[in-house]
Amino acid sequence: MIKIDVDMTKCQHYGQCVFEAPNVFKLNDDDKLEYTATADDSERANVEAAIDICPMQAIFIVD
Amino acid sequence: MTKPVVIVGASMGGLRAAESLRRFGYSGPIIAIGEEPYPPYNRPPLSKEVLAAEVSLEAVAFPQRPATADVDWRLSTRVIGANLAGSSVETDKGDVIEYSKLIIATGLRAKRQDYPNNLFVGRHVIRGLDDALALRAALKPGAKVVILGSGFIGCETAATARKLGADVTVVGPAELPILRPLGREFASEVKRRQEHAGTEFLMGRRVVDLIGDAVVEGVVLDDGTQLPCDVFIEAIGSHPNIEWLEGQDIDLSNGVVCSSNLNARKASEGYWPDVYAVGDVASFPNPIFDDIPRRVEHWNIPTECAKYVGARVAAELAIEAGAEAEIPTADFKPIPSFWSDQFDMHILAFGLLGLADESRLIEGDINDDFVFGYYRAGKMVGVAGIGMRSVVQGYRKAFEA
Ligand SMILES: Cc1cc2nc3c(=O)[nH]c(=O)nc-3n(C[C@H](O)[C@H](O)[C@H](O)COP(=O)(O)OP(=O)(O)OC[C@H]3O[C@@H](n4cnc5c(N)ncnc54)[C@H](O)[C@@H]3O)c2cc1C
Ligand code: SF4
């Protein structure tokens, strides 16, 4: 299990993360980011790719 | 002794290249050489939220990962020359470093204009952390700010300076701000919203001289108008950092011109199999659009390039070391993506809007949130919107092969 944290004071809801880890991140109907707080270990690489591509550098894996 | 992979340029492109090499299993030595005194940091906030709040390295530094802890970062070090036939680079510290593979990630620097009265105090550009620190100190409430250049960075800086209480005039040679690549209708809307928030535009004008003895006190426009100012910012585009490669057999006609797998092209014929380029400095063909090499100055490009190059280089070096590995053969075809924040305008775009011969409103309302499509010969080459992010994202599919 990995634990995911998004700093919502930084996040600008650009949704770049959605393409890298669609099982974890999505934009809701109001264009706001929603994400699952935990994910399977198999998602780690995707979440790391999302961390790299987040313009606001708002995503963290809490180890 | 094993020769290192040498990365020249220690910013986002350089960092992501190092991370990617490790991710794809390369465990040998990596030397990353960077001219700036800082570890890799994120540039976009330097014209936006970080400039509006407090500029510091902590606010923008990229987190360092354990996997790249053993990278030999040589900061405050400039590469002054290369010998591609001899596989080495030379630094301003007098070191000649031989490489197994060279990754060029030297990016761009801000352009400056020359004036008859070429003052430098009270005059700014925004590319690096030092630039933003100097500018932040000058942006006091009530300061008179003139920005030359009405592209994304000029407009974002205008918005930030307004938020900080400055008087802002943007001087731009074009007819509308961000006309290229947004197109006339979209650009008019950006201008209208900027003006509504208090930014003044003098379009179709150039700055031809500076006023002041030692410090910039104003600028002179090409129609003779004199604009007094406390802060003068040049945001007129950028120039690839390629001088250190001059004299080598390498195509520098537009940054470092690359093959479709990001290998640097020779000026004579063919390419250098051990030399790659990533990020803003790299000019590469993108099969999503056509086979013409272009530089793409968008934030997602260094990361995409680095992912691709890291995988290739790791496989090439594994094979050279006698291990079994497969060199990825898929084309490099990243979907360009960018965003821009100006006041409460959040612009999100995908594709290469600049290629379009036509653009039109495809969703929403021009006075509110909306989405434009960009077309070349009838085929979508880009999409951009203010707000409506999920809609914009939906159109991104048009570029997925
Ligand atoms: C103010 C600003 C705002 C931006 N906003 C956005 C945005 O909102 N959206 C978006 O999509 N993009 C934006 N961008 C663009 C984005 O930041 C760039 O695409 C990205 O930084 C490019 O990274 P890079 O590593 O290729 O090059 P760079 O970041 O330019 O890094 C190159 C590094 O190489 C070093 N170097 C150069 N020459 C040498 C040498 N000879 N020896 C050693 N080191 C050398 C330089 O000092 C520098 O540190 C913005 C850029 C700026 C400056
Ligand atoms: S990429 Fe970053 S800023 Fe964008 S929605 Fe995801 S977390 Fe938020």
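A count restricted to the range B:355-401 and to residues that are open to solvent by 40 Å² or more (accessible area, probe 1.4 Å) and touching a Leu at 6+ places or on another chain (Cβ under 7 Å) stands at 2.
Restricting the range B:377-397 to residues that are away from chain A (no Cβ under 14 Å) and touching a residue at least 24 places away in the same chain (Cβ under 8 Å) leaves a set whose member that is nearest to the chain's Cα centre (by Cα) is B:382. You will find that of B:19, B:36, the residue that is touching an Asp or Glu at 6+ places or on another chain (Cβ under 9 Å), part of a helix (DSSP H, G or I) and not hydrophobic (A, V, I, L, M, F, W, C) is B:19 and no other.
Just so you know, in the range B:28-56 the residues that are away from ligand 1 (no atom under 11 Å from the Cβ) and modelled with pLDDT of 95 or more include one that is farthest from residue B:154 (Cα to Cα), and it is B:28.
For the range B:87-102, name all the residues that are in a strand (DSSP E or B) and either within 11 Å of ligand 1 (Cβ to nearest atom) or outside the structural domain of residue B:244 (by TED's automatic domain parsing) (or both). Lay out the reasoning, then the answer.
Initial filter on the range B:87-102 (in a strand (DSSP E or B)): B:88-91, B:96-98, B:101-102.
B:89, B:90, B:91, listed by residue number.
Filtering the range B:57-84 to residues that are within 14 Å of chain A (Cβ to nearest Cβ) and more than 23 Å from residue B:26 (Cβ to Cβ) leaves B:57, B:58, B:59, B:60, B:61.
If the requirement is being closer than 26 Å to residue B:40 by Cβ, assigned to a strand (DSSP E or B) and under 26 Å from the mean Cα position of the chain (by Cα), which of these qualifies: B:332, B:372, B:338?
Working: B:332 fails: assigned to a strand (DSSP E or B); B:372 fails: closer than 26 Å to residue B:40 by Cβ.
Exactly one of B:332, B:372, B:338 is closer than 26 Å to residue B:40 by Cβ, assigned to a strand (DSSP E or B) and under 26 Å from the mean Cα position of the chain (by Cα), namely B:338.
Quick one: which residue in B:141, B:177 is over 26 Å from residue B:298 (Cβ atoms) and part of a loop (DSSP other than H, G, I, E, B)?
Numbers: B:177 fails: over 26 Å from residue B:298 (Cβ atoms).
Just a single option satisfies the conditions, and that option is B:141.
Would the range B:333-349 turn up any residue that is within 26 Å of residue B:99 (Cβ to Cβ), open to solvent by less than 10 Å² (accessible area, probe 1.4 Å) and not assigned by TED's automatic domain parsing to the domain that holds residue B:263?
Let us first name the residues in the range B:333-349 that are within 26 Å of residue B:99 (Cβ to Cβ), namely B:334.
With the extra rule that they be open to solvent by less than 10 Å² (accessible area, probe 1.4 Å), the set shrinks to B:334.
Next, only the ones that are not assigned by TED's automatic domain parsing to the domain that holds residue B:263 stay: B:334.
Yes, because at least one residue in the range B:333-349 is within 26 Å of residue B:99 (Cβ to Cβ), open to solvent by less than 10 Å² (accessible area, probe 1.4 Å) and not assigned by TED's automatic domain parsing to the domain that holds residue B:263.
The values are calculated or read from the model by the stated rules, or taken from the named source; none is laboratory data. Values in this document were obtained by computation on a predicted structure and should not be read as measured data. All Cβ positions, even for glycine, are placed from backbone atoms using ideal geometry, and neighbour counts span all protein chains on display. For the accessible areas, the whole protein counts, side chains as well, though only heavy atoms, and no ligand, DNA or RNA atoms are used. Shrake-Rupley method; radii C 1.70, N 1.55, O 1.52, S 1.80 Å.
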